[in-house]
Amino acid sequence: MPRYPESLIDQIRDRVDLLELVGRQVHLKKQGTNWLGLCPFHNEKTPSFHVRPDRGFKCFGCGASGDLFDFVMKSKGLDFNAAVEELAGQVGIRLPETRQDDPEAARKRENQDRLLDLLKATREFYQERLASPVGARARHYLAERGMKEETVRRYGLGFAPPGWSHVLDRFGGGEAAAELLEQAGLVTRKAPGEKWYDRFRHRIMFPIADLKGRCVAFGGRVLDAGEPKYLNSPESELFQKGKLLYGLDTAQEAIRKEGSVIVVEGYMDRLSLAENGLEYTVATLGTAMTPEHLRLLWQRTHRIHFCFDGDAAGEKAAWRALELVLDGLDADRHVGFLFLPKGEDPDQVVRREGAEGFAARLSKGVSPIEFLLRHLGNGLELHTPEGRAALAHRARPLLGRIRDPLLRELYAQTLGQRLEIPVQYALEPNTRPPVPMARRVERPARAVAVMERNHEQALLALLLRQPRLVMERDEELSRLRLENAQLLELLTEMITLGHRFADPPSSWPLEQFPTRELALRARSILAAEETPLELAEEEFEGCLVSIHLKALRMERGRLMRRLEREGDEDGALLKRCCALKLEEERMLGNKKAGEGMH
């Protein structure tokens, strides 16, 4: 929930110029009462991003909308409280301490502040050690790797000297200091009651920052022989490696300007690419890609280049990334996989070939469908009918996860062409897992009632009763194009407000809506629709399917009328109609399969 009082939030609204805020990222032109520009949240060639200083922003392409806080949240990947702090700092408004009526939150915030101060001081200590005589060997190593002094300073690299208690001694060495250092992941011990010792010893230190640029953890590379080669801070109150990407705090602006991001696996790889002009690079923190990583990237760009070593470990990491990105692929999202020669890493390649050479490799990266076919084809004899059939069976469930019907159809065509099989066998209607439908039916009379339901209204009722669905499925919901304009306005406002909740409430707080009209509309929907909470998930999926089916039919009807009216010389319209028809049949097939389970 918001940490700061509404009066302070209103004060920030009064002081921040929305046009100036948005104009730092978007070139805006006046058009009537609106200002128009290219949306910063998705790639587009025709401007569909509108700004009204008295109301907020709205993109009619991707559905992004909201006020100045929403713009900062979406563009920088912050939560609502962090956006308040960011904007307050920009206009010189001093923030109050944590609300006095919430002592637990105040205690937690005070402890976090202590940890952040401690980590900052430790980063400075490591930097001092690197610059001192004891860091000569570490400086020599970095110079051998081609790392410039300017880069070392810019990214705050340091050195944890050999020994067991340098950090512990630096901060007093007492039990209280040791316990706080342990919370920060800087010291450890083998068992309770035994002696504390420094976690990082004889290692080059890489500060890991959150999106605000605050040091929340460290990564350490062993200077000579030793295991593990890389050691990260343990997860803590401030640091979860599945939710952070190394370098994202400093790369955000470059990612937006370039319109793409490069994802590598190592600290040195990230720094070398940035040092050579490829600043739009981030690195994972010793873990595979996670859904949260992907969310952070899709928020900032619609083009991702994954770069992996050309060995078995690189192939495995790339496959994990592919499985994650499939669900979010559409015509406006692009992914490429670059596999380097065995024994080489991005650091070596960019120093040998420069930024242009590395970028040329990226442009020739493997597409998702190419990688999928290559990976799934391993061990199969594709010159035989059995091998080709096996590959088709392996690929179908994965292709079925791609939401864009036309893109899914084109991928299926590629699979069919490679295997020399008809496209209908490359992507059959019933290959996706059955989708639970709203109100499972047994009697024909009940089936008629279900089909006559207002599924848009039913969906809004579900979201009002289950706010967590708004927070968990916000991206999917933002793409819905509801036919009822009033319901669409309410849904848009719910998605916008949902980002402000730290934790989902048990039911929607109607007083959060900005106007009385919206609150009354929500109450009316709740009164008209009743859904048992135990059926919430089924109702939600069923409503989505019904809304998508209706939209597909309307779009196909529109295209057919256009085809009859204008003709279709290149066959493009007919191809799109066929893709939509296949998607409709697939969804209907899933519906029937789901009904057969009940």
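Take residue 235 and decide whether it is outside any loop (DSSP other than H, G, I, E, B) and of a type in the set (Asp, Glu). Before you say what the answer is, go through the steps one by one.
Details: outside any loop (DSSP other than H, G, I, E, B): no; of a type in the set (Asp, Glu): yes.
For residue 235, the condition - outside any loop (DSSP other than H, G, I, E, B) and of a type in the set (Asp, Glu) - is not met.
Of (1) touching a His at 6+ places or on another chain (Cβ under 7 Å); (2) crowded, with 19+ Cβ neighbours inside 10 Å; (3) of a type outside the set (Gly, Ala, Ser); (4) modelled with pLDDT under 95, residue 338 satisfies all except one. Which?
(4)
Going by the structure shown, is residue 256 part of a helix (DSSP H, G or I) and crowded, with 23+ Cβ neighbours inside 10 Å? Quick ask: steps written out before the conclusion?
Details: part of a helix (DSSP H, G or I): yes; crowded, with 23+ Cβ neighbours inside 10 Å: no.
Judged against the criteria, residue 256 is not a match.
Do any helices (runs of 4 or more DSSP H) entirely within segment 130-220 hold 1 or more residues that are touching a Phe, Trp or Tyr at 6+ places or on another chain (Cβ under 9 Å) and surrounded by 14 or more Cβ atoms within 10 Å (Cβ to Cβ), and if so, which?
Per the criteria, 136-144, 166-170, 175-183.
Quick check, is residue 178 free of Cβ contacts under 8 Å to residues at least 24 places away in the same chain and in contact with a helix residue (DSSP H, G or I) (Cβ under 7 Å, 6 or more places away or on another chain)?
Working: free of Cβ contacts under 8 Å to residues at least 24 places away in the same chain: yes; in contact with a helix residue (DSSP H, G or I) (Cβ under 7 Å, 6 or more places away or on another chain): yes.
In short, yes.
Kindly provide the set of residues from segment 404-420 that are surrounded by fewer than 19 Cβ atoms within 10 Å (Cβ to Cβ), modelled with pLDDT of 85 or more and of a type in the set (A, V, I, L, M), ordered by number.
410
Find the residue count for segment 334-362, including only residues that are in a helix (DSSP H, G or I) and either among the charged types (D, E, K, R) or without any contact (Cβ under 8 Å) to a residue 24 or more places away in the chain (or both). Write out each step before concluding.
Within segment 334-362, the first condition is being in a helix (DSSP H, G or I), and the residues that meet it are 346-362.
Filter once more, keeping what is either among the charged types (D, E, K, R) or without any contact (Cβ under 8 Å) to a residue 24 or more places away in the chain (or both): 347-349, 351-353, 356-357, 360-361.
Number satisfying all stated conditions: 10.
For segment 473-500, name all the residues that are outside any helix (DSSP H, G or I) and either modelled with pLDDT of 85 or more or within 24 Å of residue 328 (Cα to Cα) (or both).
Within segment 473-500, the first condition is being outside any helix (DSSP H, G or I), and the residues that meet it are 473, 479-484, 499-500.
Within segment 473-500, 473, 479, 480, 481, 482, 483, 499, 500 meet the criteria.
Could you look through segment 196-216, keep only residues that are at pLDDT 90 or above and charged (D, E, K, R), and pick out the one that is farthest from residue 267 (Cα to Cα)?
Kept after step one, since they are at pLDDT 90 or above, are these residues of segment 196-216: 196-210, 214-216.
Filter once more, so that each one left must be charged (D, E, K, R): 198-199, 201, 203, 210, 214.
Details: 198: 22, 199: 19, 201: 18, 203: 13, 210: 15, 214: 17 Å.
Filtering first and then ranking leaves 198.
When both residues are 6+ apart or on different chains and their Cβ atoms are under 8 Å apart, which pairs have a first residue that lies in segment 203-231 and is under 23 Å from residue 182 (Cβ atoms), and a second that is exposed (fewer than 14 other Cβ atoms within 10 Å of the Cβ) and hydroxyl-bearing (Ser, Thr, Tyr)?
As it stands, the answer is none, since no pair meets every condition given.
Please list, ordered by first then second residue, the pairs with beta carbon atoms under 7 Å, 6 or more apart or interchain, first in segment 48-72 and closer than 15 Å to residue 489 by Cα, second basic (Lys, Arg) and crowded, with 17+ Cβ neighbours inside 10 Å.
Once the first residue is closer than 15 Å to residue 489 by Cα and sits in segment 48-72, its partners that are basic (Lys, Arg) and crowded, with 17+ Cβ neighbours inside 10 Å give 64/74; 65/58.
Looking at segment 474-504, which of its residues are in contact with a helix residue (DSSP H, G or I) (Cβ under 8 Å, 6 or more places away or on another chain), within 16 Å of residue 79 (Cα to Cα) and not aliphatic (A, V, I, L, M)?
Residues satisfying the conditions are 474, 475, 496, 498, 499, 500, 501, 504.
Can you tell me which residue among 259, 247 is touching a strand residue (DSSP E or B) at 6+ places or on another chain (Cβ under 7 Å) and closer than 20 Å to residue 229 by Cβ? Walk me through it before giving the result.
On the way: 259 fails: closer than 20 Å to residue 229 by Cβ.
When all the criteria are applied, what remains is 247.
The values are calculated or read from the model by the stated rules, or taken from the named source; none is laboratory data. The shown structure was predicted, so the numbers you read here are calculated from the model rather than taken from an experiment. For neighbour counting, all protein chains shown are included, and Cβ atoms are generated from backbone atoms with ideal geometry for every residue, glycine included.
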